[in-house]
Amino acid sequence: MTPPIDAGGRMVDDRLMYRREFFVGGAWTAPAGGERLGVVSPSTGEVVGEVPAATAADIDWAADAAHAAFADGDGPWPRTPPAGRADVLARAAAVLREREREIAEITVEEIGCPIGQAPKAQTGLVAALFDHYADLIRGFEFEREVTAGDRAGLVTNEPVGVVAAIVPWNAPVTLAAWKVAPALAAGCPVVLKPPPEAPLSNFVLAEALAEAGVPEGVVGVVPGDRAAGEHLVTHPATGKVAFTGSTAAGKRIMSLCGERVTRVSLELGGKSAAVVLDDADVGSVLPAIVGGAMHLSGQVCGAHTRVLVPRSRYAEAVEAAAEAARAVPVGDPHDPATLVGPLVAERQRDRVEGYIALAVEAGARIAAGGGRPAHLPRGWYVEPTILADVDNAMRVAREEIFGPVLCLIPHDGDDDAVRVANDSPYGLAGGVWSGDARRALRVARRVRTGSVSINGCAAPFPKVPFGGFKESGLGRELGPEGLRSFLEPRSIGISASALGSAR
């Protein structure tokens, strides 16, 4: 088997691309079954890696090992003091920083992430997140005392239990870190199920955690298909499910969790609006929006894919967006100059092309792109596409496409822009662009979405929470909110005098 070669002429280590074992119970162990998942390069369509496919027996093994490490809150990890858990997280951060290049290069092969974007998209919030939660729990108030006369209450925050972390393919290690780091910080063991399209990069995360000293059984990594994921969600040992993925899959997981009242957090799809006000500089704002939306070939849940522009400046905005889209470098993800690489799979390319066709049938106009790049005969590429004459009622404006496609929709002033922005089943992200920061903030406060950027300035993640309104999800990740989602508050009643002597 010949390993992939990156743009600098180096081979990606064969050991990183062809795995034979799972990480379960603190050790690398052979799978229960013989089925394997082939990892297909989106840029060539060729198999470039392979991992075992988790069976129900493998999931049981990982979940049972995690449950033994938890032991109803009396296991070695939940009983480790916060400072001790913080030390492990900090060591993991240091190891992960040393291995960022490996993670980046693997994701070029797994998902076609352009190598120039990988440091930001695939590794930028990984080590930093482990450091963030290490710092946070050193001073976090896991217990507090409350008194009322001669009565006292001791309020404790207990780890929720074994966490099933299920992540998608577009940023597999980053989104795993969003779950694994706060779960471990809270004292919860984790069973991580990477996606079948991109299972390899999270084995590096497992190696880093093992090197950092995570105790036996506290972390398991078992890639598998949807059936494996559902088995993990419904496993009796699972105390909480943390999921990132499509809204359809999230609804299914939520229904399964409802049957057992399993705690669940969901970070789902989006159809986020970039609201351009009439005092914005359209000539510079539209290229910035187009560039941002093309990140990871548009395969980002928070991408601003509905661009709401003043009707009086609509023609100007369409031309600026189209010109910017035509200038976006599309090509081999190994090339540092590439901004838009391939879509993750042939089915995803077909899905995106289907939405473009639906838009044209509904009366939209292709202002730029709309086809496959002529210079890329191999791989699953779609040109950066600008759709004009889009009405917010069209399917292309209401459903998540997950590709390099932007819809330009006219609005008639601030109130109308807010109405259109909020007229969506989703509410994950968004943006407001204006020459007046005070005006932009007023509009941003009215947009019903989990995060809003003003003039392209994103909030300081991971210090602040991320998540969605409406069908974009349930709960929050990152920030202190991300830690609290893995904790269960408990109150213990005792007389004030007895509490003093007991402490």
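Computed quantities for the displayed model
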read-out	value
Relative contact order, percent, the chain [alpha-carbon distance under 8 Å, six or more residues apart]	17 percent
Neighbour-count order for S453, S201, S424, fewest beta carbons within 10 angstrom listed first	S453, S424, S201
Two-decimal Rg/Rh across segment 413-503, once Rg and the Kirkwood Rh are taken from alpha-carbon atoms	1.25
Whole-Å distance, taken between Cα centres, linking segment 448-503 and segment 303-367	36 Å
Overall dimensions of segment 272-454 as given by Cα atoms, namely Rg and Dmax in Å	15.5, 48
Dipole magnitude of segment 238-375, debye to nearest 20 (Cβ charges: Lys/Arg +1, Asp/Glu -1, about Cα centre)	740 debye
DSSP beta bridges in segment 272-454 [antiparallel fraction, %, rounded to 5]	15 percent
For the chain, radius of gyration divided by Kirkwood radius, i.e. Rg to Rh on alpha-carbons	1.00
Lysines whose Cα lies under 22 Å from that of K463, excluding same-chain neighbours fewer than 8 positions away	K120, K179
Which of D391, D414 has the fewest Cβ neighbours within 10 Å, and the rest in rising order	D391, D414
Helix axis angle, 172-186 relative to the chain longest principal axis, alpha carbon, degrees	30 degrees
Local electrostatic count, R91, Cβ distance below 15 Å [Lys/Arg +1, Asp/Glu -1]	-2
Farthest toward positive dipole pole in the chain [+1 Lys/Arg, -1 Asp/Glu at C-beta], among V352, L175, N202	L175
Degrees separating the helix 82-98 axis from the principal Cα axis of the chain, which is the longest one	40 degrees
Filtered chymotrypsin sites (Phe, Trp or Tyr not before Pro), segment 426-503: DSSP coil and at most 12 other beta carbons within 10 Å	none
Cβ-defined net charge surrounding P119, 13 Å radius [Lys, Arg +1; Asp, Glu -1]	+1
Backbone N under 15 Å from the D150 label point (7 Å along Cα→Cβ), restricted to segment 483-503	494-500
Rounded to 10°, Cα long-axis angle of helix 127-139 versus longest principal axis of the chain	40 degrees
The chain - share of DSSP beta bridges that are antiparallel (%, nearest 5)	50 percent
Check: segment 272-454 dipole with +1 on Lys, Arg Cβ and -1 on Asp, Glu Cβ, in debye	440 debye
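Coordinate-derived values only; no laboratory data. Note that the structure is predicted; figures quoted are calculated from it, not measured. Note: ideal-geometry Cβ built from the backbone for every residue, glycine included; neighbour counts use all protein chains shown.
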